[in-house]
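The values are calculated or read from the model by the stated rules, or taken from the named source; none is laboratory data. Predicted model only: the values in this text are computed from it and were never measured. Please note: Cβ atoms are built from the backbone with ideal geometry, for glycine as well, and neighbour counts cover all protein chains shown. Note: accessible area is taken over every heavy atom of the protein model, side chains too, but ligands, DNA and RNA are not part of it. Shrake-Rupley method; radii C 1.70, N 1.55, O 1.52, S 1.80 Å.
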Amino acid sequence: MNVTIRVRRQDPESESAAPFWQDYPLEIEDNATVLDALIKIREDIDGTLSLRCSCRSSICGSCAMRINGQAGLACKTQAAASLKAGDIIEVEPAGNMPVIKDLVVNFDLFWNKIMEVEPYLQPQGPEPEQEYVVSNESMLHLSGVTACIMCGACVSDCTVMEVDPSFLGPAALAKAYRFTADPRDGDDAGVSKERLEQLNGPSGMWDCTRCLECVQACPKGVAPMERIMAMRDQAIAAGLRNTNGARHTEAFAESVEQTGSLDELTLVPKSLGMTNVSGLLSYAPVAIQALTHGKMPPLIHKKIEGVENVRRLFEKVDETER
Amino acid sequence: MRYAFFPGCVSRGGCPELYPAAALICKRLGIDLWEMQGASCTGAGVLQEKNQLLGDTLNARTFAMAEYWDLPIMTICSTCQGVMSQANHRLRNPEYRAKVNGYLAEEGLEYKGNARPKHLLWILIEDYGLDKLAELITRPLHGVRLAPFYGCYLVRPTDALEFADNPERQDSLERLIEILGATVVDFSGKTRCCGFPILTINERNSLAMVGKHTSEAKDLGADAMITPCPLCHLNLDSFQPKAAAQAGREIGLPILHMPQAIGLAMGISPQELGLRRHIVNTRPLMTQLTPAAAH
Ligand code: SF4
Ligand code: SF4
Ligand code: SF4
Ligand code: SF4
Ligand code: FES
């Protein structure tokens, strides 16, 4: 199979430090992965091409990069399935981390965030007298998160980290969830209140936009965003309700429960907190502009037909699940 | 052609210009809409944070209603579509569906698993046909440079959105832009997040995203951006002036709802399509349009 691998190259230490695209036409096996192609380039065509890899079987987490604009493992991506028009495959270094050379990026930011969430068990209750027996069910649940191979694909494509490097990000938050959801961590009941309090702060769990980039990027099905959502629920359940995010979630649910749909008019004041006057005023110019353009949501929010059925579902489904 | 129409809240709330524009073009297209008056909100992924089973049950309720009518569902919001697709993906599992149906039984509803929720954008490409749409274009948007902006939930996760079976979904907006006679402005932000969900949580970050995408498209020469998602529209249009102030530059990029762009190409007047309701001025864009051919 003939393909062209178009690599985004950069050598920040050289004289011409700017990134540039370089095309490598080559022949590869029909079942080759993108990594196979890159290794072939390095070995047969251009020894100056830098990349990281080790296991070649999606275990070590070394080879995350952007392939046709989306982060993933080069060793898990079939070349034949990645061909763009003209049989081209575009390969770039992972995003949100500084390039060291070509496809190799600096992982300091990634590891610092992981360290920030203190990735080890912190039991707070009395020490158990014998070994702590964890239920099969909770270990199975956790195995979905411990499947993480620290490849950084999720961090590469995280929408929020792109504009705010202080955000803890998908990998670290998923790692934190691995402990907040572990029955051995936190108090007797397995509630990791102190952790949750920290994660509840700025740059923590509420800063995620739910953009799904990390879910799409993760080669191991960790689905970091879903862990972040579950963690938000843990925080609310642990009584941490005093954030705009928590208020927003509660107000949203209340609106759907009461009317069957979303009442946008009260959602903003409710998420900012009715007493947050300066916060509310900061929205006033946008609201007035919206009003003069006839863009305001209706003042009287109509209920959907048969809303009592929706309310009943709220009661019932809540009851059995809690 | 008939669909069970799920307009979503935002097309009548924060973006009240979307609902009439969508209804208008569907009428021109000969697409018959039965509005789902009794359907609840999809939960928008927010309710799902608290209780996914509840979110899935509400969506199964909507699906069961459409199934009862024996009609496919039409959405006009990337978020509605994405949340429904994700729910439907989970509800493929018969055991899970049975559990959910347990809750629906009291209302006399049962979801059998056959609902097909589809965004209007997908309907035009997969059911209606772009060739047929082309026949109705009387004022092609020649010379207009449009940047596509999908909204996260219409592009991810690709398994729930069934991209493998429907590869044309990947670049559906670009295909549409071309049929309308306009020129596609490709830019790195087209499948990224508009930042809307964190507007009240971390406004700085949210506005930084708006600023980033709109400036990038503007700097690449876009005359306007087109989006199939009213939530993206809310952030990209209503909050663009604030985002521009934060970024310390001018942007001024009009944001069109997808049905508005289609309507313009069909020769419908900007007033009827609610273009006056936008925050970013759309008039300079209107002067670029050639007069509509008589039809
Ligand atoms: S997963 Fe372990 S054994 Fe495999 S390459 Fe990585 S470090 Fe080596
Ligand atoms: S869902 Fe949240 S954590 Fe994941 S990529 Fe998006 S913003 Fe980042
Ligand atoms: S969560 Fe997934 S994508 Fe992120 S570092 Fe772990 S394995 Fe890689
Ligand atoms: S997802 Fe958004 S637009 Fe759709 S119904 Fe819910 S709140 Fe309304
Ligand atoms: S080379 Fe180890 S994950 Fe790709």
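Along the positive direction of the dipole of region B:2-119 (beta-carbon charges: Lys, Arg +1; Asp, Glu -1; about the Cα centre), which of B:ALA4, B:LEU33, B:ALA21 reaches farthest?
The residue sitting farthest along the positive end of the dipole is B:ALA21.
Work out the charge dipole of the protein assembly as shown with +1 on the Cβ of Lys and Arg and -1 on the Cβ of Asp and Glu about the Cα centre, then indicate which of A:ALA71, B:CYS152, B:LEU207 is farthest towards its positive end.
Of the listed residues, the answer is B:LEU207.
Can you give the local net charge around A:ALA18? Use residues other than it whose beta-carbon is closer than 12 angstrom to its beta-carbon, Lys and Arg +1, Asp and Glu -1.
On the way: positive: A:ARG8, A:ARG9; negative: A:ASP11, A:GLU15.
Once all neighbours under 12 Å are counted, the net charge is 0.
Indicate, rounded to the nearest 5 percent, the antiparallel portion of the DSSP beta bridges found entirely in chain B.
Working: 0 of 18 bridges.
If I count the DSSP bridges inside chain B, around 0 percent turn out antiparallel.
Do me a favour and compute the ellipsoid semi-axes for the protein assembly as shown from its Cα gyration tensor, root of five times each eigenvalue, largest one first, whole Å.
Numbers: eigenvalues 263, 227, 119 Å².
So the three semi-axes of the protein assembly as shown are 36, 34, 24 Å.
Give me a comma-separated list of calculated 3J(HN,Hα) values for region A:202-213, in order, Karplus coefficients 6.51, -1.76, 1.60 applied at θ = phi - 60°, integers in Hz, x for any Gly or Pro.
Karplus values, whole Hz, x for Gly and Pro: x, 6, x, 4, 7, 7, 6, 8, 6, 7, 6, 4.
Any chance you could look up the accessible area of B:SER85 with a 1.4 Å probe, heavy atoms only, rounded to 10 Å²?
The accessible area of B:SER85 comes to roughly 10 Å².
What's the average, rounded to a whole number, of partner chain beta-carbon atoms within 10 Å of each residue's beta-carbon in B:79-89? Kindly include the intermediate steps, with their values, before the conclusion.
Values: counts 1, 0, 0, 1, 0, 0, 0, 2, 0, 0, 0.
Partner Cβ neighbours, averaged per residue: 0.
In debye, nearest 20, what is the charge dipole magnitude of chain A about its Cα centre with +1 on Lys and Arg Cβ and -1 on Asp and Glu Cβ, if you could check?
Numbers: 31 positive and 46 negative charges, 143 e Å.
Around 680 debye, computed over chain A.
Taking the Cα centre of the protein assembly as shown as origin, work out the dipole magnitude from +1 charges on Lys and Arg Cβ and -1 charges on Asp and Glu Cβ, in debye rounded to 20. Write down the numbers at each step before the final one.
Working: 60 positive and 76 negative charges, 321 e Å.
In debye, rounded to 20, the protein assembly as shown gives about 1540.
From the phi of every residue in region A:146-153, what ³J(HN,Hα) in whole Hz does the Karplus formula 6.51 cos²θ - 1.76 cosθ + 1.60 yield, where θ is phi - 60° and glycine or proline is x?
6, 5, 4, 10, 6, 8, x, 4
Starting from the residue with the highest accessible area, list B:ASP165, A:ASP187, A:ASP46 in decreasing order, probe 1.4 Å. Mind dumping the intermediate values first?
Working: B:ASP165 125, A:ASP187 65, A:ASP46 25 Å².
Of B:ASP165, A:ASP187, A:ASP46, the descending order of accessible area is B:ASP165, A:ASP187, A:ASP46.
Just name one of A:GLN22, A:SER58, A:LEU38: the one whose Cα is farthest towards the positive end of the charge dipole of region A:14-61 (beta-carbon charges, Lys/Arg +1, Asp/Glu -1).
Of the options given, the answer is A:SER58.
At 1.4 Å probe size, with no ligands or nucleic acids counted, give the accessible surface of A:GLU116 in Å², nearest ten.
Result for A:GLU116: roughly 110 Å² accessible.
Taking all protein chains together and a probe of 1.4 Å, list A:HIS248, B:HIS119 from the most accessible to the least accessible. Don't skip to the end; give the middle numbers.
Values: A:HIS248 30, B:HIS119 0 Å².
So, going from the largest accessible area down, we get A:HIS248, B:HIS119.
For peptide A:229-240, compute the average count of partner chain beta-carbon atoms within 10 Å of each residue's beta-carbon. Can you show the working numbers first?
Numbers: counts 6, 2, 1, 3, 5, 0, 0, 2, 1, 0, 0, 0.
Mean inter-chain Cβ contacts per residue within 10 Å come to 2.
Just to make sure I understand: if all protein chains stay in place, what is the order of B:LYS212, B:LYS190 by accessible area at 1.4 Å, largest first?
Numbers: B:LYS212 75, B:LYS190 45 Å².
Largest accessible area first, the residues go B:LYS212, B:LYS190.
Determine the shielding of peptide B:202-209 by partner chains: average, over its residues, the number of Cβ atoms on other chains within 10 angstrom of each Cβ. Walk me through the intermediate numbers first.
Values: counts 12, 4, 2, 11, 4, 1, 4, 7.
For peptide B:202-209, the averaged partner shielding equals 6.
Counting alpha carbon pairs within less than 8 Å and at least 6 residues apart, what relative contact order, in whole percent, applies to chain B?
Over chain B, the number comes to 20 percent.
Compute the separation of the alpha-carbon centres of region B:242-259 and region B:194-224 and state it in Å as a whole number.
Taking the Cα centre of each part, region B:242-259 and region B:194-224 sit 7 Å apart.
For B:HIS119, list long-range residues whose amide hydrogen, built 1.01 Å from N in the peptide plane, is under 5 Å from its own amide hydrogen.
Placed amide hydrogens put B:THR75 under 5 Å from B:HIS119.
Taking chain A as a Gaussian network, where each spring joins two C-alpha atoms under 10 Å apart, which residue of A:PRO219, A:PRO93, A:PRO25 fluctuates the most?
Among A:PRO219, A:PRO93, A:PRO25, the largest mean-square fluctuation in the Gaussian network model of chain A belongs to A:PRO25.
Using +1 on the beta carbon of Lys and Arg, -1 on that of Asp and Glu, and nothing else charged, what's the dipole of region A:172-258 about the Cα centre, debye to 20? Write down the numbers at each step before the final one.
Values: 11 positive and 13 negative charges, 60 e Å.
Roughly 280 debye for region A:172-258.
B:MET1 accessible area, nearest 10 Å², 1.4 Å probe?
About 90 Å², ignoring ligands and nucleic acids.
I'd like the orientation of helix A:277-292 relative to chain A: the angle between its Cα long axis and the longest Cα principal axis, in ° from 0 to 90, rounded to 10.
Approximately 80 degrees, to the nearest ten.
Report relative contact order for chain A in percent, whole number only (criteria: Cα-Cα under 8 Å, sequence separation at least 6).
This gives 13 percent for chain A.
Over what distance in Å are the Cα centres of region B:1-74 and region A:40-81 separated?
About 42 Å separates the Cα centre of region B:1-74 from the one of region A:40-81.
Any chance you could get the radius of gyration and Dmax over the Cα atoms of chain A, in Å?
Using the Cα atoms of chain A, the pair Rg, Dmax is 24.2, 70 Å.
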